[in-house]
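Derivation of every value follows stated rules applied to the coordinates shown; laboratory data play no part. Just so we're clear, the structure is a prediction, and the values are computed from it rather than from any experiment. Cβ sites come from the backbone with ideal geometry, for glycine too, and all protein chains shown count toward neighbours.
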Amino acid sequence: MIKLYDDGVFLVKGREIVPAAEAARVEQLTGNKADAAEAKKGTMAYSILQAHNTTEDMDHLKIRFDAMASHDITFVGIIQTARASGMEEFPLPYVLTNCHNSLCAVGGTINEDDHMFGLSAAKKYGGIYVPPHIAVIHQYMREAMAGCGKMILGSDSHTRYGALGTMAIGEGGGELGKQLLKDTYDVAYPGVVAIYLDGSPAPCVGPQDIALAIISAVFKNGYVKNKVMEFVGPGVSSMTTDYRNVVDVMTTETTCLSSIWRTDADTKDYLTAHGRGEEYKELNPADVAWYDGCVYVDLSTIRPMIALPFHPSNAYEIDELNANLTDILHEVEVEAARIASGRANFTLLDKVRDGKLHVQQGIIAGCAGGSYTNIVEAANMLRGGSCGNGEFSLDVYPSSQPVFLDLARKGYVADLMAAGAIVKTAFCGPCFGAGDTPMHNGLSIRHTTRNFPNREGSKPGDGQMAAAALMDARSIAATAANGGVLTSAAEYDCWGNVPDYHYDDTVYRVRVYQGFGKAEPQTELFDGPNIKPWPEMEPLADNILLKVCSKILDEVTTTDELIPSGETSSYRSNPLGLAEFTLSRRDPEYVSRSKEVDQTERCRAAGGDAAQKDPALTGVYSVIRTIPGSEAVDLQQIEIGSMVYANKPGDGSAREQAASCQRVLGGLANITQEYATKRYRSNVMNWGMIPFHLKGAPDAFEVGDYIYVPGIRKALDGDLSDVKGYVIRDGKAVQIDLYIQEMTENEREIVKAGSLINFNRNRSRA
């Protein structure tokens, strides 16, 4: 059972949930009157945020982190941004891992060029460099960096180490660049929601099952959006820390800001086993703590789960799915048709034979699936069995070389291989489409983090479409033992026989470059032919003219749709090269439309006649002259840029490329109903684009229309709640009402400067 409380709650002595409406009970239990404002300080989150806040103002936080982490899709751009802004040395431990594109065979030498750039940067600026295949980013941070009471910032959305007492946040590269320049992470004090765990999970239930059940309960209603999930209650201690880590990493899929768990003896044992026992301290809420909401989870009621395409929240109990295959799979097929838009076919009902669903691929991998406990459980299931020699295949990726080493020493790798599973090195590729893409019209079951549309690597634009469903490693292994017939782990009784993990850090000691505090400024950065600097971006003008280059009416638009993951990420270090893929799997004409607008703006900025590039501007300019207050505006000074409308963009990855690719193509703004995540909105602002919201429905404009916004710099200096825009269509100006949610003073200045890079350059010159 999962229950969401309608209002805030007091948690008394870590066990008693007291709804706000029953606040009088707090005095009965403690002898003191309930005071929500004071009890707010009793959460674990409050104490950690207070310790890292650089000011006394707890309503508007300015955070400095203890450490940071990036992988090989993001670290080149972050370092290029920071060095262009004047960085000379990493001021905090900064881990550069190479786990995302280490196997992506696209683009010749460019993958390894980026890796060598990372190694040279670690030497030059004093960083920590983890070579390819050694560890996925989050497993390395768990094993070597996380500790109780710490805060870690990562340029990957799944930066979550709450089960180790660390508040970790995944953000776009601009926020990491600010830390490298000794600036702060500025955010309003977030809401904190209690995730109260009670009971204990059944032996057949794995961490993915628990995570999917919670995600299903809170995602669609935004219950924890941009809030901190604080895991409390007696059920926490029913799970090992290795198990908790895997539940925790999936909190990203709720759209929360961060997470934190109470700690106990098992947390201490985990840190001690990893040679860092001194990093342990007990974390618990105070005797009375106030939470802005509460999710009550009876762990004993959770059953093996499956999240069907195309989101982790589309979750069912496996038994429920198997009992209702036709109805549920039909709904997925309808959604697949909408996503494909006639460009490809994806079917599921044809995979039902003799009343059973047959899947084509299984993957256990990454920061979620590749844990020691998960793989031991899978090996126990498959020992002496077989995955069969049909279309079904199983790939297993241990999350780090230390995990792989212990599994090999104990014989589990041999058990898996003898059953027909392919065991590979630490790699994040199956999670974002850079490896193990299933066949056309194939269904993959994965213990990874996401199953967004086309994230598994398919390309509907080329007539290719596959899909992934999320499951726990235990049920994936059970399915493998049945040759690909979807099977719940509950059908077997082989779970729970997991010996203690023996951590051996030899491979880290011999292969990981530990350069923090030992910068070598004379080191030359490795510069491969695909590694390009950011192009120049102009500051925001007083008046802007936006051309609508894409209009997306989907309920949610993921970052994978804004800039596809997979092999396109090989071009991550070439801003203009990567931008060619922007919206390519959602709106293939977007790039050409935006480039035309960019060419028009370049003509204007160079002093030319923009109307010669786009003859439609002659009529547009005439209409602008009719708008009150714009009769005498200097038309030559109106900045022209492209714009994307989406109802709710930005669910998913922290990759700043989702925004930077729009910007380098000449993007000036997004117009939305709401932003799916804070991190995507932050990326939009850090790249100098205006994060507009629209009051009302987007029926006043279509792709190809121009929207004129006068006095935008003045608006950014003042009240953001009412910004007038004018759609220019059919010789008329139709007013639309825009607004911008709260921005910090620096965020306003960054947008006016045209980008975070420009903002930092302006500061250094001043």
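Normalised by 2.2 N^0.38 Å, with N the number of residues, the alpha-carbon radius of gyration of the range 305-503 equals 0.98. Of interest is the spacing of the C-alpha centroids, which for the range 622-636 and the range 677-714 amounts to 21 Å. Panel note: the C-alpha atoms of the range 192-250, placed on their principal axes, show extents of 30, 19, 18 Å (largest first).
Backbone amide hydrogens, once placed in the peptide plane, bring GLY149 within less than 5 Å of THR166, MET167, excluding anything fewer than 5 places away on its chain. When Rg and Dmax are taken over the Cα atoms of the range 39-157, they come to 16.5, 57 Å. Each label was represented as a point 7 Å from its Cα along the Cα-to-Cβ direction; for MET1 and ILE422 these points are 4.6 nm apart. Compared with the dominant Cα axis of the chain, that is its longest principal axis, helix 207-218 is turned about 40°. Considering all C-alpha pairs of the range 607-736, those separated by over 22 Å amount to 40%. Evaluated at 10 °C with a viscosity of 1.306 mPa s, what Stokes-Einstein diffusion coefficient in µm²/s does the range 123-169 have when Rh comes from the Kirkwood expression over alpha-carbon pairs? Translational D for this selection: 139 µm²/s. Note on the chain: Cα Rg divided by 2.2 N^0.38 Å, N the number of residues, gives 0.94. Our estimate of slack between ASP730 and SER592, defined as 0.36 nm per intervening residue step minus the Cα-Cα distance, is 47.3 nm. Sorting 176-185, 306-315 by their mean Cβ neighbour count within 10 Å, with the most densely packed peptide first, gives 306-315, 176-185.
What the Cα convex hull of the range 415-519 gives, in volume per residue, is 178 Å³. Under 5 Å from the amide H of HIS60 lie the amide H atoms of TYR189, each residue being 5 or more positions distant or on a separate chain, with H modelled from the backbone and absent for Pro and chain starts.
Placing unit charges on the Cβ atoms of the charged side chains and taking the dipole of the chain about its Cα centre, the candidate lying farthest along the positive direction among ALA273, GLN360, LEU29 is ALA273. Centroid-to-centroid, using Cα positions, the range 737-766 and the range 1-71 are 32 Å apart. Potential lengthening of the chain between THR54 and GLU112 amounts to 17.0 nm, from the contour at 0.36 nm per residue minus the alpha-carbon distance.
Ordering 293-304, 65-76 by mean Cβ neighbour count within 10 Å, with the highest value first, yields 65-76, 293-304. In the calculated pair-distance distribution of the range 543-765, the portion above 32 angstrom amounts to 13 percent of the Cα-Cα pairs. Taking the empirical scaling 2.2 N^0.38 Å for compact globular proteins as reference, the range 479-560 has a Cα radius of gyration ratio of 2.30. For ARG763 and TYR513, the difference between the fully extended length at 0.36 nm per residue and the C-alpha to C-alpha distance is 86.7 nm.
So, R0 is 45 Å and r is the distance between the beta-carbons of VAL498 and GLU38; what FRET efficiency does that work out to, to 0.05? FRET efficiency, VAL498 to GLU38: 0.60.
Summary of packing: across the peptides 618-624, 157-163, 117-123, the per-residue average of other C-beta atoms within 10 Å ranks them, highest first, as 157-163, 117-123, 618-624.
When the helices in the chain are scored as -39500 (n - 2.57) per DSSP H run of 4 or longer and the sum is shared across all residues, what 222 nm value do you end up with, to the nearest 500 deg cm²/dmol? Computed ellipticity for the chain at 222 nm equals -8500 deg cm²/dmol.
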